[in-house]
Amino acid sequence: MNAVTIILIEDDDGHARLVEKNLRRAGVSNPITRCADGESAVQCLFGGGCAGQLLVLLDLNLPDMSGIDILQRLKTDSKLGRTPVVVLTTADDKIEVQRCYDLGCNVYITKPVDYEHFANAVQQLGLFLSVVQIPETA
Amino acid sequence: MFGRRVGGRLALPILLAVGFLTLIALSLASIWLHGRAQRDAERATAAHALETKLVSLLVHLRRAESGQRGYLLSGDPRFLLTHRLAIDAVLPALAEIEAALANNPVQREAFAPLKPQVIEKLDELRETIRRYDTGDTAGAIALFKTGAGRQNMENITAIVERMQEGGERQLALESAQFQQTQRIVLAAELSGMALIVAVALMSFFLSWRSMRDQQTAQQKLRDNNAALESTVAERTRYLLDANNEIQSFASIVSHDLRSPLVNIMGFTSELETFRKNMFERLAALRAQAPGPDAENDDAALGGEFDEAVEFIKGSIAKMDRLINAILVISREGGRNLRAESVDMTALVRAVADGYMHRTLEIGAEITVEPLPAMTIDRLAIEQVFSNLLDNAVKFMRTDVPGRIHVKGREMPFTVVYEVRDNGRGIDPKDAERVFELFRRSGMRDRQGEGIGLAHVRALVRRLGGSIRLESEPGEGCTFTVTLPKRWIDPSTDWKQQ
């Protein structure tokens, strides 16, 4: 069985580290590739930098481009269209959440400040990762 | 400018008055002239009649004289008949002349010697006829020969001629006077007409000028309106831009503030995990090498650590709430308002019912009078009353039963709602400050971030209204919300409203 690679697109080092730590703590052992900005994420996803089955954790507030654009491009891509995407962001604006779901994001998680909720969210995310069936790539 | 304007305003009525007065004067002159002409005509007629009478007097006298002579010569009684008839007609003719002279003192003076002469003449005629009839033909002839009768007749003729001349003179004089008057009146009428024409021309000119001024003013007004419209449109655009900028600024700031906060909270939690691990390890080491009072030292250390972490977490939680508040308000500003007909009484009562359990708990009561209905954004006005009632319930006094009263009234262009409470009140010097974000007044013994009233004011402003606070500490306070009857969404083009 091919290990699913988690692509973490997050510009904030602290957030990336917290996500990673809490994923590991929740027992998620999949390889994690981090992209610190939109450009490297695009390179990784569409430029062949990343191979195999992917799961994308996407921050919407990137310094060089909007995460929404990456989401849109990912979901309309013939190869990567079915890749699960978890949007992780500080905003919980209803309009933005709706837009992400409309574009095909699988889960939308607001980054909480409260640690317990954060851990819980990440736990659920880990659970989600362990049970989700990653479809065979064409 | 002022003088010209006043002159311009008064000139037209003055001109009209002058025109009318002139017309009246002309009419009066005309009537007078007509009367005068009639009087002159009557006088001329009377003069002619007098003339005729004078002539007929002479005719009668001459016929009497010729009848007398014919009779004396021929003795034919037909001459006597002619003579008698003429004699009988003389005195009535004389009386007629006298009567006609009743109003003519000049002619009467001339007439005065005529009558004795005529009577003398008649006496002479009668005397000759009497002498002849009694056979004294010689006596009659003798009397005739004295020439007295002829002299008499000449005198009479002279007097009559004088009177005729006098009448003609009078007539000529009056005719000349009449012509003179007619000329004067004609001149007056001509100048009156000229005046009227001038007045008409001036009126026309003034009207024309006034019309031109009015047109200029209207054009100017139109220009000003157009300029005003474009200025307002420009300002509105500018304000909308500024507002949008502030909103996106608030949104961006709160996002960007939240991002580091996630790290601080996250890693604080990590620190707590470290602490747990470290103290477990420390406890294990202590178990291997116990020291005097070591466990108490460790516990004190742990306590200080926990205290520090608690402060950090408390501050983070507070900061999170503040950022959330900014987000809420900035989002509220970005929400599109939708005007709908709202039964305000039902709405406010429903909001009040939401506080039922709290009012029951503290023994307070919310009363809502029937309120004027409105066409407005339901959610926004609901939030306004929700925040005002929440505020009122929150700051009740403990020594008196809380009373919150909501009432409203319709004004010509606005609707006014009042929320009055008997709570602890707000110091008047804070009346403006309480509407500012994160600002609070009075004792800080109640939960809150100082957001509610700021939110209310932001909402009321978006609805095109205003909110005012009247209060005395310890007396309670009254929030007065004034809203326009017809809500105009400032984000749409105002000209299309």
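See the values below:
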item	result
Single residue of the range A:17-76 satisfying the filter (assigned to a loop (DSSP other than H, G, I, E, B) and among the acidic types (D, E)) that is surrounded by the most Cβ atoms within 10 Å (Cβ to Cβ)	A:D37
Count - residues of the range B:363-378 that are among the aliphatic types (A, V, I, L, M) and over 11 Å from B:I404 (Cβ atoms)	4
Yes/no for B:T414 being within 30 Å of B:L239 (Cα to Cα) and β-branched (V, I, T)	yes
Conditions (1) of a type outside the set (S, T, N, Q); (2) modelled with pLDDT of 90 or more; (3) in a loop (DSSP other than H, G, I, E, B): number failed by B:R349	(3)
Cβ-Cβ under 6 Å pairs, at least 6 apart or on other chains, the range B:434-457 side crowded, with 19+ Cβ neighbours inside 10 Å and at pLDDT below 75, far side not in a loop (DSSP other than H, G, I, E, B) and not charged (D, E, K, R)	B:S441/B:V434
Scope the range A:77-91; condition outside any strand (DSSP E or B) and within 14 Å of chain B (Cβ to nearest Cβ); matching residues	A:T90, A:A91
In the range B:264-284, the residues that are in contact with an Asp or Glu (Cβ under 9 Å, 6 or more places away or on another chain) and within 14 Å of another protein chain (Cβ to nearest Cβ)	B:M265, B:S269, B:E272, B:R275
Cβ-Cβ under 9 Å pairs, at least 6 apart or on other chains, the range B:254-265 side closer than 15 Å to A:V19 by Cα, far side modelled with pLDDT of 85 or more and outside any helix (DSSP H, G or I)	B:S259/A:D12; B:P260/A:D12; B:V262/A:D12; B:N263/A:D12
Sole exception among (1) among the charged types (D, E, K, R); (2) surrounded by 13 or more Cβ atoms within 10 Å (Cβ to Cβ); (3) out of contact with any Asp or Glu (no Cβ under 7 Å at 6 or more places or on another chain) for B:D40, by number	(3)
Among residues of the range B:242-263, those that are more than 7 Å from chain A (Cβ to nearest Cβ) and surrounded by 15 or more Cβ atoms within 10 Å (Cβ to Cβ), counted	6
Boolean, B:L301 is hydrophobic (A, V, I, L, M, F, W, C), farther than 27 Å from B:R397 by Cβ and away from every other protein chain (no Cβ under 14 Å)	yes
Test for A:K94: is it away from every other protein chain (no Cβ under 14 Å) and surrounded by fewer than 20 Cβ atoms within 10 Å (Cβ to Cβ)	no
Conditions (1) under 30 Å from A:E10 (Cα atoms); (2) at pLDDT below 85; (3) away from every other protein chain (no Cβ under 11 Å); number of the one not met by B:F311	(2)
Residue list for the range B:308-346, filter: among the basic types (K, R) and either part of a loop (DSSP other than H, G, I, E, B) or under 53 Å from the mean Cα position of the chain (by Cα) (or both)	B:R331, B:R335, B:R338
Residue in the range B:359-372 that is farthest from B:G448 (Cα to Cα), counting only those that are modelled with pLDDT under 90 and buried (at least 16 other Cβ atoms within 10 Å of the Cβ)	B:A364
Qualifying residue in the range B:350-373 (condition: within 14 Å of another protein chain (Cβ to nearest Cβ) and of a type outside the set (K, R))	no
Failed criterion for B:T236 (all others in (1) assigned to a loop (DSSP other than H, G, I, E, B); (2) surrounded by 12 or more Cβ atoms within 10 Å (Cβ to Cβ) hold)	(1)
Any chance B:R62 is under 30 Å from B:N152 (Cα atoms), in contact with a Leu (Cβ under 6 Å, 6 or more places away or on another chain) and of a type outside the set (D, E)	no
Test for B:A287: is it loosely packed, with under 10 Cβ neighbours inside 10 Å, more than 30 Å from A:L60 (Cβ to Cβ) and away from chain A (no Cβ under 11 Å)	yes
Breaking point among (1) farther than 28 Å from B:S251 by Cα; (2) without any contact (Cβ under 8 Å) to a residue 12 or more places away in the chain, for A:P31	(2)
Lone unmet requirement of (1) free of Cβ contacts under 8 Å to residues at least 40 places away in the same chain; (2) more than 21 Å from B:Q170 (Cβ to Cβ); (3) of a type in the set (D, E, K, R) for B:E65	(1)
Extreme residue, nearest to B:N391 (Cα to Cα), among residues of the range B:406-431 that are among the acidic types (D, E) and either at pLDDT 90 or above or not in a loop (DSSP other than H, G, I, E, B) (or both)	B:D421
Any helices (runs of 4 or more DSSP H) falling wholly within the range B:101-212 and containing at least 2 residues that are surrounded by fewer than 17 Cβ atoms within 10 Å (Cβ to Cβ) and β-branched (V, I, T)	B:137-145
Some residue of the range A:4-15 being in a helix (DSSP H, G or I) and either exposed (fewer than 15 other Cβ atoms within 10 Å of the Cβ) or without any contact (Cβ under 8 Å) to a residue 24 or more places away in the chain (or both)	yes
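Quick grid of which residues meet (1) away from chain B (no Cβ under 11 Å); (2) in contact with a helix residue (DSSP H, G or I) (Cβ under 9 Å, 6 or more places away or on another chain):
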{"position": "A:E10", "(1), (2)": "no, yes"}
{"position": "A:K21", "(1), (2)": "no, yes"}
{"position": "A:G27", "(1), (2)": "yes, yes"}
{"position": "A:N30", "(1), (2)": "yes, yes"}
{"position": "A:A36", "(1), (2)": "yes, yes"}
{"position": "A:Q43", "(1), (2)": "yes, no"}
{"position": "A:D59", "(1), (2)": "no, yes"}
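The values are calculated or read from the model by the stated rules, or taken from the named source; none is laboratory data. Since the model is a prediction, treat every value here as computed from it, not as a measurement. Counting neighbours? That spans all protein chains shown, and the Cβs are built from the backbone with ideal geometry, glycine included.
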